[in-house]
1. Does the range 2-124 classify as rounded, prolate or oblate by the C-alpha gyration tensor (a ≥ b ≥ c root eigenvalues; a/c under 1.5 gives rounded; else a/b over b/c gives prolate, otherwise oblate)?
2. Quick one: Karplus J couplings for the range 12-24, per residue in order, coefficients 6.51, -1.76, 1.60, θ = phi - 60°, nearest Hz, x for Gly and Pro?
3. Quick check on the chain: helices-only [θ] at 222 nm, where DSSP H runs of length 4 and up contribute -39,500 (n - 2.57) each and the sum goes over total residues. Nearest 500, please.
4. For the range 155-199, state which trypsin sites (Lys or Arg not before Pro) are in a DSSP loop and have at most 14 other beta carbons lying within 10 Å of their beta carbon.
5. What shape does the range 120-225 have by the C-alpha gyration tensor, where a ≥ b ≥ c are the square roots of the eigenvalues, rounded means a/c under 1.5, and otherwise prolate means a/b greater than b/c and oblate the rest?
6. Relative to the first principal axis of the alpha-carbon coordinates of the chain, what is the inclination of helix 127-150, with its axis defined by its Cα atoms, in degrees from 0 to 90 and to the nearest 10?
7. Between residue 75 and residue 233, what is the label-point separation in nm under the 7 Å Cα-to-beta-carbon projection?
8. In the chain, once you exclude exposed GluC sites (Glu not before Pro) (DSSP loop, at most 15 other Cβ within 10 angstrom), what's the longest stretch remaining?
Amino acid sequence: MLTSNKRIIETDKKVASDVTNQRFINRLFTRLVAKQKTFSNVDFRYSIFDSCYLRDCNFESCDFTGCKFAGSNLYGSQFIGCTFNYAVFERTYVSDEILESGAPSVENLQARFARTLRMNFQQVGESRAANRAMSIELRATEVHLRKAWQARESYYFKKYRGWKQVPMFFEWTSFKLLDLIWGNGESAWKLVRFAALIFFVMALIDITIDKTKNPWMVASYTKAIVESPEVFFGVISPPEYAPWYLTLIMVVRLMTVGFFLSIILKRFNRR
């Protein structure tokens, strides 16, 4: 049932000069060393770079489709016009500029590329690069989901036409809603904005419930807005509020606090 994939193993090798128009398909490079070398139009498809040192190198129009970089050092290397479809990075030092210069053009591949780099940056402690990768991943995911349920382009029309557009629409709607609330776990500012919206809605509801407040007076709205955070956080519980309404406020409060703690934990975890 199992046959050899005929992978060629290259161990403890050093690149002595620039490489141009070469094919190194399905290779296992272990402890490969290259410094300040230029690789132009080189085909590295389906290769594995394990514990390699490729410092300050220039990769121009190289194909890294299906490649895996593990425990390697690519610090200072530049990638211009290279292909990284389905490439994987693990515990590898690489500049975050690759997020822009090496990202695939197709949105789902771009999201996958940003995701593997985000996880890689977390492993090596590059928190700022991990945050940048996350923003690119979210942006690409949103575009992919929107194109999937609209199915106007040929690729999406073939893959998601008909009833397959329905679950993609709900997935896109959920993604946009969570982005509005808390930036899909990446924006504390959006969560604060959502909390402010909750306080405003609570103030409007308070005006209709509390008979002591005159809906035609600005002072009543000011007082209701000031009191809404106190009600939201359970500091006060107005007796005129129904139990189900107080329960709803508590549920929303727990969700909002949970979102906030999740953002904080994610930030610290990346560090």
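Here, each number is a calculation from the coordinates, and none is a lab measurement. This is a predicted model, so every value here is computed, not measured. Neighbour counts are summed over all protein chains in view; Cβ atoms, including those assigned to glycine, are modelled from backbone coordinates with ideal geometry.
1. Rounded, because the longest to shortest axis ratio a/c is under 1.5.
2. Ordered by residue, 3J(HN,Hα) equals 6, 10, 10, 7, 8, 8, 4, 10, 9, 6, 10, 10, 10 Hz.
3. Numbers: 8 runs with 135 residues, N = 271.
Counting only the DSSP helices, I get -16500 deg cm²/dmol.
4. Numbers: sites: 158, 159, 161, 164, 176, 190, 193; in loops: 161.
Passing both the DSSP loop test and the Cβ count: 161.
5. Cα axes put the range 120-225 in the oblate bin.
6. It works out to around 80 degrees.
7. Distance between label points: 4.4 nm.
8. Details: sites that count: 97, 153, 240.
Between the exposed loop sites, the longest stretch runs 1-96.
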